[in-house]
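Asker: One structure, pasted below without further comment.
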Amino acid sequence: MNVVAHIGAATRAWLADVGHATALFVRLVLLAPACLRRFGLVRDHMHFLGNYSLAIISVSGLFVGFVLALQGYNTLQRFGSASALGMLVALSLVRELGPVISALLFTGRAGTSLTAEIGLMKAGEQLSAMEMMAIDPVQRILAPRFWAGVLVVPILGAIFSAVGIIGGWLVGVVMIGVDAGSFWGQMRDGVDVWADVGNGVIKTLVFGFTVSFIALRQGYEAQPTPDGVARATTRTVVMASLTVLALDFVLTALMFKL
Amino acid sequence: MQRSKTDVWVGMLVLLGAAALLFLALQSANLLSVNWQKTYAVSALFDNIGGLKKQAPVKSAGVVVGRVQEIRFDDKNFQAQVILAMDQQYQFPKDSALKILTSGLLGEQYIGIEAGADTVNLKDGDRLQSTQSAVVLENLISRFLYDKAAAPSVQPGGH
């Protein structure tokens with residue numbers, strides 16, 4: 001009997017958790033006009049989340065492009081179709097690797113700092129102090145960070161893909177010596193603006209919502225202790241990464257029909 | 001409104017993102033070659049289209065002159081109905097012939113159009129009569145084997 005009660009209580013707590021998270025998400029989304037009115041706040045966080053992630057995003061993109069070109073060339077030249085290297089690099093980057101890896105890097109670089117910042121604000125009772133002054137912490141603290149994250153991730157994803165293609169070009173054309181004309185030509189033939197680039201941008205937008213929301217919620221719901229903040233930061237990375245990968249599968253299945 | 005240093009940096013980030021998107025759209029994808037110009041639709045019936053896909057090119061003398069817009073199954077005469085969007089700037093005679101060809105041994109399939117001799121050109125909504133199906137490898141092999149079995153085997157050596 002005890003076991004049943006235990007399972008029931010756990011399920012109920014989980015359901016309450018989901019409901020609570022949904023309510024917070026809807027509130028954050030509805031706060032978009034308020035954020036637009038005070039865009040300075042969003043801009044400051046875009047600077048923190050975006051500009052400081054630029055280095056890691058572009059360096060990773062470059063190396064991913066290098067590796068894609070090396071591995072792709074290795075496989076393609078066995079079938080005598082090394083000229084399709086450009087298409088391979090561009091499609092993999094624009095459709096999958098660009099959105100997913102930049103979302104994962106954003107989680108590690110910026111999501112953790114969001115969680116830790118908000119968790120520490122909570123531990124230091126700054127959020128409670130704001131509530132005492134009749135300032136809504138969700139509107140003043142969470143929403144600008146949320147929208148900054150949502151705006152920044154697509155930008156970072158596009159930069160990642162573009163830098164990656166340049167990396168693939170450097171290794172494929174400059175180093176290995178694949179014909180530049182067929183590299184770009186096949187790429188242009190194989191990549192569609194709306195079906196591939198457009199869907200990639202939609203993916204990064206969805207990941208921007210996901211990662212920013214998970215990071216903020218983990219910070220907001222953290223136990224207000226040093227231990228609690230540490231756990232919340234870990235949970236941000238684990239949950240955001242898993243959610244991004246799972247969502248990527250779902251989005252790919254929806255977007256790219258066989 | 002007050003302009004701060006952060007504004008400049010965020011502005012640069014946004015510009016960089018826009019430049020990256022533009023690069024993806026122009027350099028890696030086909031935004032410029034996407035036809036904003038007008039096309040006219042022509043349909044044709046094929047016995048077998050093989051692996052032809054939507055958006056496959058229609059080529060004449062190796063130059064892309066249109067794309068496959070739609071592939072349907074016609075359940076009246078059990079044939080595949082293919083609708084082609086031909087570039088308005090290229091005109092073909094009414095009795096032009098279509099063939100489904102393969103680029104390379106294992107490459108993708110495309111439609112080759114060969115100009116006929118009619119003085120009237122194709123226009124929107126026309127149907128092309130002369131079509132040649134895709135080569136299906138299995139049929140080719142089975143015909144080859146059949147011919148081989150039917151032919152009298154040559155005796156080696158002789159007298």
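Asker: Go through (1) under 15 Å from residue A:143 (Cβ atoms); (2) in contact with a helix residue (DSSP H, G or I) (Cβ under 9 Å, 6 or more places away or on another chain) for residue A:26 and report which single condition fails.
Answerer: (2)
Asker: Mind checking whether some residue in the stretch A:213-230 is buried (at least 22 other Cβ atoms within 10 Å of the Cβ) and within 12 Å of another protein chain (Cβ to nearest Cβ)?
Answerer: no
Asker: Now for a separate question. Restricting attention to the stretch A:158-187, which residues are at the interface with another protein chain (Cβ under 9 Å from one of its Cβ atoms) and either among the β-branched types (Val, Ile, Thr) or closer than 26 Å to residue B:13 by Cα (or both)? Show your work before the answer.
Answerer: At the first step, the residues of the stretch A:158-187 found to be at the interface with another protein chain (Cβ under 9 Å from one of its Cβ atoms) are A:158-163, A:165-166, A:184, A:187.
Selection gives A:158, A:159, A:160, A:161, A:162, A:163, A:165, A:166.
Asker: Take the stretch A:188-200 and flag every residue that is of a type outside the set (A, V, I, L, M), within 7 Å of another protein chain (Cβ to nearest Cβ) and without any contact (Cβ under 8 Å) to a residue 60 or more places away in the chain.
Answerer: Of everything in the stretch A:188-200, those that are of a type outside the set (A, V, I, L, M), within 7 Å of another protein chain (Cβ to nearest Cβ) and without any contact (Cβ under 8 Å) to a residue 60 or more places away in the chain turn out to be A:188, A:192.
Asker: Among the residues of the stretch A:71-93, is there at least one that is in contact with a Lys or Arg (Cβ under 7 Å, 6 or more places away or on another chain), more than 14 Å from chain B (Cβ to nearest Cβ) and either assigned to a helix (DSSP H, G or I) or modelled with pLDDT under 95 (or both)? Please lay out each step first, then the result.
Answerer: Kept after step one, since they are in contact with a Lys or Arg (Cβ under 7 Å, 6 or more places away or on another chain), are these residues of the stretch A:71-93: none.
No; the residues of the stretch A:71-93 include none that is in contact with a Lys or Arg (Cβ under 7 Å, 6 or more places away or on another chain), more than 14 Å from chain B (Cβ to nearest Cβ) and either assigned to a helix (DSSP H, G or I) or modelled with pLDDT under 95 (or both).
Asker: Within the stretch A:30-39, can one find any residue that is basic (Lys, Arg) and either within 22 Å of the chain's Cα centre (by Cα) or modelled with pLDDT of 95 or more (or both)?
Answerer: no
Asker: Among the strands (runs of 3 or more DSSP E) contained in the stretch B:95-145, which hold 1 or more residues that are basic (Lys, Arg)?
Answerer: Passing ranges, in order: B:97-102, B:126-128.
Asker: When the stretch A:6-42 is examined, which residues are found to be touching a residue at least 60 places away in the same chain (Cβ under 8 Å) and either charged (D, E, K, R) or within 10 Å of chain B (Cβ to nearest Cβ) (or both)?
Answerer: Matches in the stretch A:6-42: A:27, A:38, A:42.
Asker: For the stretch B:133-159, which residues satisfy the criterion of being at pLDDT 65 or above and of a type outside the set (A, V, I, L, M)? Spell out the reasoning first.
Answerer: Let us first name the residues in the stretch B:133-159 that are at pLDDT 65 or above, namely B:133-152.
Matches in the stretch B:133-159: B:133, B:138, B:139, B:142, B:143, B:144, B:146, B:147, B:148, B:152.
Asker: Looking only at the stretch B:12-28, filter to residues that are within 32 Å of the chain's Cα centre (by Cα) and crowded, with 18+ Cβ neighbours inside 10 Å; which one of those is farthest from the other protein chains (Cβ to nearest Cβ)?
Answerer: B:27
The values are calculated or read from the model by the stated rules, or taken from the named source; none is laboratory data. Quick caveat, the model's predicted, so the values are computed rather than measured. Because the Cβ atoms are built from the backbone with ideal geometry, glycine has one as well, and the counts that use them run over all protein chains shown.
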